[in-house]
Structures are given as structure tokens and as C-alpha cells.
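In what follows, a structure is listed as C-alpha cells, so that the remarks can point back to it.
The values are calculated or read from the model by the stated rules, or taken from the named source; none is laboratory data. Bear in mind that the values here come from a model prediction, so they are computed numbers and not experimental data. Every residue, glycine among them, receives a Cβ derived from its backbone with ideal geometry; neighbour counts consider all protein chains shown. In case anyone asks, the SASA skips ligands and DNA or RNA and just uses the protein heavy atoms, side chains included. Shrake-Rupley method; radii C 1.70, N 1.55, O 1.52, S 1.80 Å.
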Amino acid sequence: LAKKECDVVVVGAGTAGLTAAMFAARHGLRTVLLERLMGGAQIINAEKIENFPGLPQGLSGAELGASMQEQTVKAGVEILLEEVFSLGLESPKFVVTSDVRDYLTKSVIVATGSGLRRLGIAGEDEFTGNGVSHCATCDGPFFTNEVVGVVGGGDTAADEAISLTSYAEKVILFHRRDRLRAQQVLQQRLIRQPKIEIMWNTVVERILGSDTVTGVQTRNVITNLEHRLSLSGMFVYVGLTPNSSLLGNLLMLDNGGHIPVNLRMETSVPGIFAAGDVRQHSAAQLVSAAGDGATAAISAYHYISNSRSR
Ligand SMILES: Cc1cc2nc3c(=O)[nH]c(=O)nc-3n(C[C@H](O)[C@H](O)[C@H](O)COP(=O)(O)OP(=O)(O)OC[C@H]3O[C@@H](n4cnc5c(N)ncnc54)[C@H](O)[C@@H]3O)c2cc1C
């Protein structure tokens with residue numbers, strides 16, 4: 001296929017990418033949005049979003065994702081189901097290579113988000129899909145009236161533990177410290193929920209089972225005492241890994257793989273912008289991802305306008 005020319009290629013159709021593409025199109029830029037999986041991205045698995053401004057009743061992640069996508073398409077953006085493999089320079093433009101074709105573009109907005117980090121313990125790979133999960137909304141119903149574990153201490157772990165109480169008889173939250181990082185409002189809900197037990201200062205060292213998960217081996221980090229517990233599902237939420245492997249040759253990344261940006265969402269390469277969870281010091285929230293996307297698109301617009309006048 002011949003190279004397709006455009007003004008902006010946005011990579012990733014999560015909240016950051018959808019917002020960036022919508023703003024870019026509304027600024028009159030020919031915008032292509034490339035997504036490898038599904039528009040809405042990370043958020044489509046969230047049961048209820050309560051902290052997005054303007055939605056006092058809350059909305060499910062799937063509904064919010066779908067309406068953001070609809071709004072972006074309405075603004076004139078072409079959303080294509082393609083995976084981006086590389087990003088190169090063909091001065092003064094960029095070449096974005098997907099599994100379908102090359103794009104020759106004046107600027108790029110990287111909004112590739114992040115994936116859930118793995119624990120890296122015995123049994124995790126073996127039982128993924130057979131008792132080990134990263135999605136309470138998707139897999140919670142399989143554990144109706146059973147005992148499940150959740151590992152983590154941030155917003156997502158707290159949120160997912162609360163969601164699991166709709167199905168499970170008991171939810172054990174394993175946390176390696178003596179306090180949670182989750183927002184106060186979620187912590188209060190956790191503590192008030194009688195089906196949730198929190199095991200503080202506890203790490204999960206091994207997931208046990210034969211065909212499916214039957215239990216876990218834990219260790220208390222203060223006493224070093226090991227313990228075996230019976231349960232039938234393990235939900236893992238121990239942080240995020242940025243989806244930035246395709247960028248390393250062209251863009252500067254920090255030690256954690258995030259993209260450093262300035263307040264205009266400019267990266268180390270003029271004309272390439274980053275937005276959302278993939279950028280350094282992101283708040284990893286929907287509203288900040290949307291804000292980054294808008295900023296990145298406006299910056300791309302100024303970059304392209306200034307290049308024209310040079
Ligand atoms: C269960 C759960 C509940 C949450 N609840 C809340 C909440 O209540 N409130 C809140 O504010 N935040 C919440 N969050 C966090 C929020 O979802 C994220 O901060 C936000 O979705 C980040 O948006 P993003 O656009 O940066 O990245 P993402 O949503 O991760 O989107 C990135 C997209 O890029 C695509 N992509 C990556 N690499 C490529 C490539 N090479 N080619 C093409 N496409 C690519 C991915 O497939 C993905 O679709 C929750 C997260 C989870 C997991």
C-alpha cells in the first residue's frame with residue numbers, strides 16, 4: 001500500500017488518544033487514530049466511573065468508552081484497527097508503520113497507555129485464565145459464592161475488590177505494606193464492606209493449584225512467617241507498565257519506560273507529543289488522560305502551523 005499522508009497520527013484509542021484525536025480534528029487537522037484492540041481501552045473493564053466530571057450518577061467504563069469514541073468519530077476522525085510497530089523520522093515528517101501500511105505525517109501523538117504489571121511468581125502464568133485474572137468485571141461471575149484474593153493496594157485493587165463482593169463469598173486483599181495507596185473514599189468503602197478481609201504486610205509468593213487455582217502461599221514481611229490459604233481465584237493489580245517498547249529508538253524514555261514531556265506534552269523529539277498513562281508522572285486517571293490529550297492536540301496544531309510559516 002502507498003504511504004497515507006496526514007497531519008496527525010494518534011497511536012492508541014484510550015481516553016487520551018480519543019480526546020487528542022477529537023481536538024486535532026476540531027482544529028482542522030487531518031487526523032488518523034490507530035488502535036490495536038478496542039476503542040475506549042483500559043477503561044472498558046471498569047464497572048463504574050464516579051470521578052469523571054459532569055457524570056454525577058457515574059457511568060460504566062464500557063458506556064464512557066463508547067460515547068467518547070462516538071464523539072471522536074463525529075468530529076471527523078478516522079479510527080482504524082491497526083497495531084503500530086515503529087515510528088521513524090523522514091525529515092521534516094514522521095513515518096508511522098502499522099501492520100497494514102505506512103503513514104507519512106507531520107506530527108504524532110503517542111497515547112499508548114499502559115498494561116497491568118505481573119507479579120512474576122510461580123503459578124501466575126500457568127493459571128492465567130484458570131483462576132488468575134486482571135479483570136473483576138470480566139471474570140468475577142466465575143467465582144460466585146467462592147473465596148477470591150486480590151493483590152495490590154492502589155485505586156484499581158480497591159475498586160476491583162469491592163466489585164468482586166457482588167459475586168464472591170469472601171474477598172481477601174493482600175497488601176505488602178501496612179497502609180493502602182487507594183483514594184480515601186475507596187479505602188472507607190473497603191473497610192466498611194464485611195465480605196472483605198485485608199491481610200496487611202503480606203506478599204503472595206506462589207499461586208497453588210492443579211487444573212485451576214486452589215490456594216496461595218503467602219509470607220508476612222514483618223514476621224517472615226509463611227502461610228497457605230485456600231481460595232479459587234486471584235486478581236492481580238500491582239501497578240502498570242507503560243506501552244512504550246516501540247518508541248525506545250526515537251524518543252527519550254525514563255528508567256520506568258515512561259515518556260518525559262513538558263507542560264505542552266512535547267517529548268524529546270519536536271513534532272512528537274505524548275499523552276495519558278504512557279507519559280512520565282501521569283496521574284493515571286481518566287480526567288488527566290483527557291486533559292493531556294487535549295493539550296497534546298493543541299500543541300500539535302501549533303507545531304504544524306509554525307512549521308508552515310517557517
Ligand atoms: C479496572 C480499572 C478501573 C479504573 N477506574 C478508574 C476510575 O474510576 N477513574 C479514573 O479516572 N481512572 C480509572 N482507571 C484508570 C484509567 O483507566 C486510565 O488512567 C486511563 O484509561 C488511561 O488512558 P490512556 O488513554 O492513557 O491509556 P489506555 O486506556 O491504556 O489506552 C491506550 C490504548 O493504546 C493502545 N495501544 C498500545 N500500544 C499500541 C500500538 N502499538 N498500536 C496501536 N494501539 C496501541 C492500547 O491497545 C490501548 O487501547 C481504571 C483503570 C482500570 C484498569
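Computed with every protein chain present, the accessible area of Arg308 is close to 150 Å² [probe 1.4 Å]. For region 15-56, the convex hull spanned by the alpha carbon atoms encloses 74 Å³ per residue.
Among the lysines, select those whose C-alpha is under 25 Å from the C-alpha of Lys195, and discard any that sit fewer than 8 residues away in the same chain. Partners found: Lys48, Lys170. How charged is the neighbourhood of Val213? Take every other residue with its Cβ under 13 Å from the Cβ of Val213, and add Lys/Arg as +1 and Asp/Glu as -1. That works out to -4. Could you let me know the centre-to-centre spacing of region 135-207 and region 257-300, using Cα atoms, in angstrom? Each part reduced to its Cα centre gives a spacing of 31 Å.
Convert 37 °C to kelvin, take the viscosity as 0.692 mPa s, use the Kirkwood radius over C-alpha pairs of region 72-156 as Rh, and evaluate the Stokes-Einstein diffusion coefficient in µm²/s, rounded to a whole number.
On the way: Rh = 17.3 Å.
Here the translational diffusion coefficient equals 190 µm²/s.
Based on C-alpha pairs under 8 angstrom that are at least 6 apart in sequence, the chain has a relative contact order of 21 percent. Coordinate range of the alpha-carbon atoms in the chain per principal axis, descending: 67, 40, 34 Å. Based on the Kirkwood radius over alpha-carbon pairs, what value in µm²/s does the Stokes-Einstein equation return for the translational diffusion coefficient of region 85-242 at 4 °C and 1.567 mPa s? Translational D for this selection: 75 µm²/s.
Ala296: net charge of surrounding residues, Cβ under 12 Å, Lys/Arg +1, Asp/Glu -1, itself excluded? It would help to have the intermediate numbers written out before the result.
Working: positive: Arg264, Arg279; negative: Glu266, Asp292.
That works out to 0.
Using r as the Cβ-Cβ distance of Asn224 and Arg181, and R0 as 22 Å, what FRET efficiency do you calculate, to the nearest 0.05? Plugging the Cβ-Cβ distance into 1/(1 + (r/R0)^6) gives 0.40. Computing FRET efficiency as 1/(1 + (r/R0)^6) for Val95 and Ala122, where r is the C-beta to C-beta distance and R0 is 41 Å, gives about 0.45. Cross-link partners for Lys93 among the lysines, with Cα-Cα distance under 23 Å and sequence neighbours closer than 8 places in the same chain left out: Lys3, Lys4, Lys106. Using the 1.4 Å probe convention, the accessible area of region 181-283 works out to 54 Å² per residue with neighbouring protein chains retained. Divided by 2.2 N^0.38 Å, where N counts the residues, the Cα radius of gyration of region 151-301 comes to 1.32.
Computed over neighbours whose Cβ is under 9 Å from that of Asp102, the net charge equals +3, Lys and Arg +1, Asp and Glu -1. Using only protein heavy atoms and a 1.4 Å probe, report how much of His302 is accessible, in Å² to the nearest 10. Accessible area of His302: about 100 Å².
Using a 1.4 Å probe on the protein chains only, how many percent of the accessible area of region 26-127 belongs to carbon and sulfur? Write down the numbers at each step before the final one.
Working: 2770 of 5370 Å².
The value for region 26-127 is 52 percent carbon and sulfur by accessible area.
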